[in-house]
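Here is the structure we will look at, set down as structure tokens.
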Amino acid sequence: MRSLIDILDFSVDELQELIDTANDIIAHPEQYSERCRGKKLATLFFEPSTRTRLSFEAAMYELGGNVIGFAEAKSSSAAKGESVADTARVISCYANIIAMRHPKEGAPLVAAMNASIPVINAGDGGHNHPTQTLADLLTIYREKGRLDHLTVGFCGDLKFGRTVHSLINALSRYEGIKVVLISPEELKLPSYVKKDVLAANNIPYVQTTDLESVMPELDILYMTRVQRERFFNEEDYLRLKDSYILTPDRLWNAKEDLSILHPLPRVNEISVAIDDDPRACYFKQVLYGKYMRMALILKLLKEAGRI
Ligand code: CP
């Protein structure tokens, strides 16, 4: 049974197929409005979410399907001690596909190993967030017309930011990608990502604490929130949370065609004064996430022989 747990579960050709489908849905939404009639998506969210859960739900409704699920662990039998494995087996009796978010790294993989329907990782701890990466890839593709030969700056919490880890993994397979890592010392990209992804794929990268000095090089600036929920103590979070705040004056030396992305939610790291700048792409990114999730649901249900 095909699931999406890690963005590397899909080849570059399959990612392009999803992008092409999403673009076709954007152009001809009416042609997709009945594709999942009679099918059910289960959204199992053990952690808070606005975009991911509701975009999955909107995606399934726009495909003509239905949605069941829960939005917090305490309203499910996990609160009584039910395991992820048992939950996945149970939900397989009710739905055709699962989208799961969980604070524990690897929980969606455990679900996929026990479910008899496709499982989509909707974010697992500080590990991966492959469907955010799908949204990011469509945004970059629509803004730049390509996914290769780009200099991509990642700024903020590169340690706990699972969206960063997934997007770096995805981009590592395209030609001519250069990565610029901008973070405080304490929130640097984990060594395993640098070694196993960047170094292993010969992706040139630099690390810095200074956004201004690298700004002129960037084609994409991927801002991130400092992930309060992953800190062990509040003092460290408070010290680091405002390390980078993007304001209009900080873009003085940026390219005219820079694209500013952010997986959202934002806290302070992008001033609302940037929102009207044509380079701000983060609300488009939200919308593109829904279309990529529609394309993903279609692909996985088709491969499972359910549509
Ligand atoms: N980008 C993202 O995952 O947002 P939510 O936490 O609101 O789903």
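The residues of region 123-136 that are within 19 Å of Leu18 (Cα to Cα) and either more than 13 Å from the ligand (Cβ to nearest atom) or assigned to a loop (DSSP other than H, G, I, E, B) (or both) amount to a single one, His129.
Is there a residue in region 244-261 that is open to solvent by 20 Å² or more (accessible area, probe 1.4 Å), within 16 Å of the ligand (Cβ to nearest atom), in contact (Cβ under 8 Å) with a residue 60 or more places away in the chain and not basic (Lys, Arg)?
No, that holds for no residue.
One residue is enough: does region 210-228 have a residue meeting the conditions at pLDDT below 95 and of a type in the set (Val, Ile, Thr)? Within region 210-228 (the criterion being at pLDDT below 95 and of a type in the set (Val, Ile, Thr)), the answer is yes, since at least one residue qualifies.
Please determine, by comparing only the residues of region 137-188 that are of a type in the set (Lys, Arg) and part of a helix (DSSP H, G or I), which one is farthest from Leu258 (Cα to Cα). Among residues in region 137-188 that are of a type in the set (Lys, Arg) and part of a helix (DSSP H, G or I), the one farthest from Leu258 (Cα to Cα) is Arg162. Lys74 meets each of the listed conditions (1) assigned to a helix (DSSP H, G or I); (2) farther than 23 Å from Arg306 by Cβ; (3) within 16 Å of the ligand (Cβ to nearest atom); (4) charged (D, E, K, R) apart from (3). Looking only at residues in region 35-52 that are farther than 19 Å from Val90 by Cβ and either crowded, with 22+ Cβ neighbours inside 10 Å or within 13 Å of the ligand (Cβ to nearest atom) (or both), the one that is farthest from the chain's Cα centre (by Cα) is Cys36. Out of contact with any Lys or Arg (no Cβ under 8 Å at 6 or more places or on another chain) and either open to solvent by 70 Å² or more (accessible area, probe 1.4 Å) or modelled with pLDDT of 95 or more (or both): does that describe Tyr32? The answer is yes for Tyr32.
In this structure, does Arg142 turn out to be open to solvent by 20 Å² or more (accessible area, probe 1.4 Å), out of contact with any Cys (no Cβ under 8 Å at 6 or more places or on another chain), under 23 Å from Ile19 (Cα atoms) and within 14 Å of the ligand (Cβ to nearest atom)?
Answer is no for this residue.
Name the single residue that is farthest from Ser213 (Cα to Cα) among those in region 271-296 being aromatic (Phe, Trp, Tyr) and surrounded by 16 or more Cβ atoms within 10 Å (Cβ to Cβ). Can you show your working first?
Pass one, region 271-296, residues aromatic (Phe, Trp, Tyr): 282-283, 288, 291.
Of the ones still in play, those that are also surrounded by 16 or more Cβ atoms within 10 Å (Cβ to Cβ) are 282, 288, 291.
Details: Tyr282: 23, Tyr288: 31, Tyr291: 35 Å.
Here the residue is Tyr291.
Could you tell me whether Asn268 is open to solvent by 20 Å² or more (accessible area, probe 1.4 Å), touching a helix residue (DSSP H, G or I) at 6+ places or on another chain (Cβ under 6 Å) and in a loop (DSSP other than H, G, I, E, B)? Answer is no for this residue. The set of residues in region 214-258 being under 22 Å from Cys281 (Cα atoms) and in a helix (DSSP H, G or I) consists of Val214, Met215, Pro216, Glu217, Pro248, Asp249, Arg250, Leu251. Just one of (1) farther than 21 Å from Arg51 by Cα; (2) assigned by TED's automatic domain parsing to the domain that holds Glu105 fails for Leu218. It is (2).
All conditions in (1) farther than 20 Å from Arg239 by Cα; (2) surrounded by fewer than 19 Cβ atoms within 10 Å (Cβ to Cβ) hold for Arg162, with the sole exception of (2).
The values are calculated or read from the model by the stated rules, or taken from the named source; none is laboratory data. These figures come from a predicted structure and were not determined experimentally. Please note: Cβ atoms are built from the backbone with ideal geometry, for glycine as well, and neighbour counts cover all protein chains shown. Protein only, heavy atoms only, side chains kept; ligands, DNA and RNA dropped before computing areas. Shrake-Rupley method; radii C 1.70, N 1.55, O 1.52, S 1.80 Å.
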